[in-house]
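Written out below as structure tokens is the structure these notes cover.
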Amino acid sequence: MIRIFVVLVLLLIALMVGAMVFDDRGYVFVEFSGWVVEMNVFSLAISLIFIFVGFLLINWLVKNALRAASGSRNWFGNWGARKKQKAFTSGLIALAETNYLTAKNHLSKIENEDFDGINLLAAAEIEMQLGQSQQAQTYWRMASTYEKSALAANLCLIRFALNQQQNDEALQLIETLNAKQKEQATVIKLWAQALAQAGKWQVLKGKLKTWKKALGEDYPALMQQASKGSFAEIASKQGAVELKQNWLDQPRATRKDPAQQAAYIQQLIDQGMYADAEQVLVEQQKSGPNSLLVPLFKQIKLPNPTASIRLLESWIKRDELNVDLLSALAHVANASGDKVLAEKALGKAIKLANRQQDLLLMAEIKESQHDDSQALQLYKQSLAQQPR
């Protein structure tokens with residue numbers, strides 16, 4: 001329609017230019033059923049333009065009248081949709097600018113509009129920032145009815161439940177997710193957190209075997225936590241002897257898992273079974289130090305930890321700048337009463353890295369030697385360091 005109008009206008013302009021060039025306005029005579037119309041070229045051009053514009057206006061009115069009669073909400077064109085989009089955009093911008101009340105005002109206007117639930121997720125975030133957690137939950141539940149926002153809304157509900165220690169509710173929400181959603185790494189991590197907070201260690205251990213790839217770097221810590229909880233449960237209910245037997249009954253793959261080894265050794269230490277813990281630490285690291293196991297040497301309290309000291313010193317000979325090994329040796333030696341070896345190892349470790357735990361141990365040694373000024377200096381120095 002617009003093209004036809006443009007062509008018509010161009011033709012009329014050509015007629016008018018021609019009339020002006022030849023200084024002849026022309027003459028038009030029309031007779032129809034007794035009606036006679038006489039005009040020049042300029043009058044004809046203006047008349048045709050008005051007729052065409054009138055036709056476009058009538059066409060627009062007829063179309064919108066039909067839309068209104070058929071129930072269309074947009075018979076005033078796109079004006080309503082533009083206002084809603086403007087409120088949506090303004091609300092998101094205000095949220096990003098942390099103008100929460102302004103954002104709330106904008107988004108409240110489109111609360112019942114279809115923005116695939118994104119407006120409801122944003123509204124929930126605003127309510128959380130304003131301290132209105134109940135209203136935020138309402139918005140999340142509303143957003144969960146939209147397919148594109150369902151997972152995001154449920155994740156928010158699960159996180160909120162976990163933060164409130166409502167672990168059973170979080171697990172129930174996870175169960176409502178479909179199979180594909182349950183396979184996502186974000187869901188799996190929250191699932192593991194919910195099981196851990198609920199103390200369902202056996203269930204968590206069983207599921208971690210299939211979640212290893214999805215969890216990635218988080219797997220060792222979670223497996224260690226689950227195993228620790230499981231072993232603690234066994235030790236408290238059945239005793240230390242049953243704990244050791246349970247470990248020996250585990251499949252070889254389980255006993256070779258560093259995370260589960262660390263959990264088992266930690267439980268032995270918690271039970272005061274330092275000799276058994278040292279034995280496992282040494283046996284499981286014959287091929288070299290493991291980052292999950294080395295820190296556990298620091299908790300060994302034996303009068304004669306020969307095996308631990310010999311192993312740590314052999315590793316240090318090959319890696320003299322390893323702070324973790326030097327620190328572990330210092331703690332083992334100090335617990336056994338060998339202050340000389342402990343001070344020597346600590347001196348090297350502190351030169352390489354001023355770690356709070358090592359500084360505090362060195363301060364204790366200096367204090368036992370009645371070197372109070374040096375001890376005080378070390379205590380002050382430790383306050384500026386983060387715990388390691």
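Taking Cα atoms only, the orientation of helix 201-215 departs from the longest principal axis of the chain by about 60 degrees.
A Förster radius of 41 Å, combined with the Cβ-Cβ distance separating E313 from E242, puts the computed FRET efficiency at roughly 0.70. DSSP loop (so not H, G, I, E, B), at most 16 other Cβ within 10 Å: list which GluC sites (Glu not before Pro) in the stretch 88-138 pass both filters. Here the sparse-neighbourhood loop sites are E97, E111, E113.
Using mean Cβ contacts within 10 Å as the protection proxy, how do 280-293, 195-208 order, highest first? Each step should come with its number before you reach the end.
Values: 280-293: 15.1, 195-208: 17.6.
Ranked from most to least packed, the peptides come out as 195-208, 280-293.
Which residue, F52, F297, F88, has the most motion in a Gaussian network model of the chain that connects Cα atoms within less than 10 Å? The residue that fluctuates most here is F52. Working ranking of peptides 146-157, 240-251 by packing, defined as the average number of other Cβ atoms within 10 Å per residue, highest first, is 146-157, 240-251. Listed values for the stretch 223-228 are Karplus-derived 3J(HN,Hα) couplings in whole Hz (6.51 cos²θ - 1.76 cosθ + 1.60, θ = phi - 60°), namely 5, 5, 5, 5, 5, 4, and x replaces Gly and Pro. Within the set (i) 72, 53, 46; (ii) 130, 47, 40; (iii) 111, 44, 39, the number that Cα extents along the principal axes in Å takes when calculated for this structure is listed as (ii).
Please identify, among K317, K228, K348, the residue showing maximal mean-square fluctuation in a Gaussian network model of the chain using a 10 angstrom Cα cutoff. Most flexible of the set in this elastic network: K317.
The C-alpha atoms of the chain define a longest principal axis, and helix 274-283 lies at about 70 degrees to it. Seen through its C-alpha gyration tensor, with square-root eigenvalues sorted a ≥ b ≥ c, the stretch 303-388 comes out oblate because a/c lies at 1.5 or above while a/b is not bigger than b/c.
The portion of the accessible surface of the chain made up by carbon and sulfur, rounded to a whole percent, is 55 (1.4 Å probe; DNA, RNA and ligands excluded). Per residue, the chain exposes 60 Å² of solvent-accessible protein surface, assessed with a 1.4 angstrom probe and all protein chains in place.
The values are calculated or read from the model by the stated rules, or taken from the named source; none is laboratory data. Since the structure is predicted, the reported quantities are computational estimates derived from the model, not experimental observations. All Cβ positions, even for glycine, are placed from backbone atoms using ideal geometry, and neighbour counts span all protein chains on display. Accessible surface is based on the protein model in full, side chains and every heavy atom, while ligands, DNA and RNA are left aside. Shrake-Rupley method; radii C 1.70, N 1.55, O 1.52, S 1.80 Å.
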